Amino acid sequence: MIGGFSIVTLVFCNASLRGFAGFDLAWSLEVTSFLLLWSTFIGCAAAVARGAHMRVTEIVERLMPYKGQRILSIAIDVIIAILLISLIYTGYNISVHTWAQKTTVLYWPVGLLYASMPVGMTLTLIFHLFNMVFDIKNPVVPHAAHSDGGEALS
């Protein structure tokens, strides 16, 4: 929230200054870029930690038996983990190769901007693996297996 509020405030102030005073804050664009990227990737990790990413399950629930759903869910979790590892590796390489470059106004390392991806994806992977292990150990009982009282049938 702080990152998003800061971005909105910086952009509003910079646009207001440009319109009313005839000048802008050159550094605000660089700071906004950093805040946007870091907030996005850290926000991704926070969403995974809360289980807030969208997942469409209606089709799978209607077309596949429960055991097939569990296998598919685990397969998808493994694919996501592989994708996250790939993003960590790629982001790390980009960050390392651009670290010596400096931004135009603030002279911050450009690699710091790109480091948001491997840092955010590493946190996301940690939360994803935790959720994956939890889901494997605590499977969700299908709705059809519940009686009217809400208890699972044996």
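Near Thr124, once Lys and Arg are set to +1 and Asp and Glu to -1 for all other residues with Cβ below 14 Å from its Cβ, the sum equals 0. Each helix, a run of at least 4 DSSP H residues, gives -39500 (n - 2.57); summed and divided by the residues of the chain, these come to -23000 deg cm²/dmol at 222 nm. Extension gain for Trp108-Ser33 works out to 25.8 nm (0.36 nm per residue, less the C-alpha to C-alpha distance). Between the Cα long axis of helix 116-137 and the first principal axis of the chain there is an angle of about 10°, rounded to the nearest 10.
Would you mind checking the tilt of helix 2-16 against the longest principal axis of the Cα atoms of the chain, expressed as 0 to 90 degrees and rounded to 10? Approximately 40 degrees, to the nearest ten. When each of the peptides 126-134, 21-29, 60-68 is scored by the mean number of other C-beta atoms lying within 10 Å of its residues, the order from highest to lowest reads 126-134, 21-29, 60-68. A cut-off under 15 angstrom between Cβ atoms defines the neighbours of Pro109, and their net charge, with Lys, Arg +1 and Asp, Glu -1, is 0. Relative to the longest principal axis of the Cα atoms of the chain, helix 26-50 runs at roughly 10 degrees. Once the Cβ-Cβ distance of Thr9 and Ala47 is raised to the sixth power relative to R0 = 25 Å, the FRET efficiency obtained is 0.60. The phi torsions of segment 64-74, fed into the Karplus equation with coefficients 6.51, -1.76 and 1.60 and a -60° offset, translate into couplings of 10, x, 4, 4, x, 4, 5, 5, 5, 4, 5 Hz, rounded to whole numbers, with Gly and Pro shown as x.
Taking amide H as placed 1.01 Å from N in the peptide plane, Lys102 has its amide H under 5 Å from the amide H of Val110, each at least 5 places away in sequence or on another chain.
Any read-out appearing in this document is the output of simple, stated calculations on the displayed coordinates, not a laboratory observation. Note that the structure is a prediction, hence the values are computed from the model and not measured. Note that each Cβ is placed from the backbone with ideal geometry, even for glycine, and that neighbours are counted across all protein chains shown.
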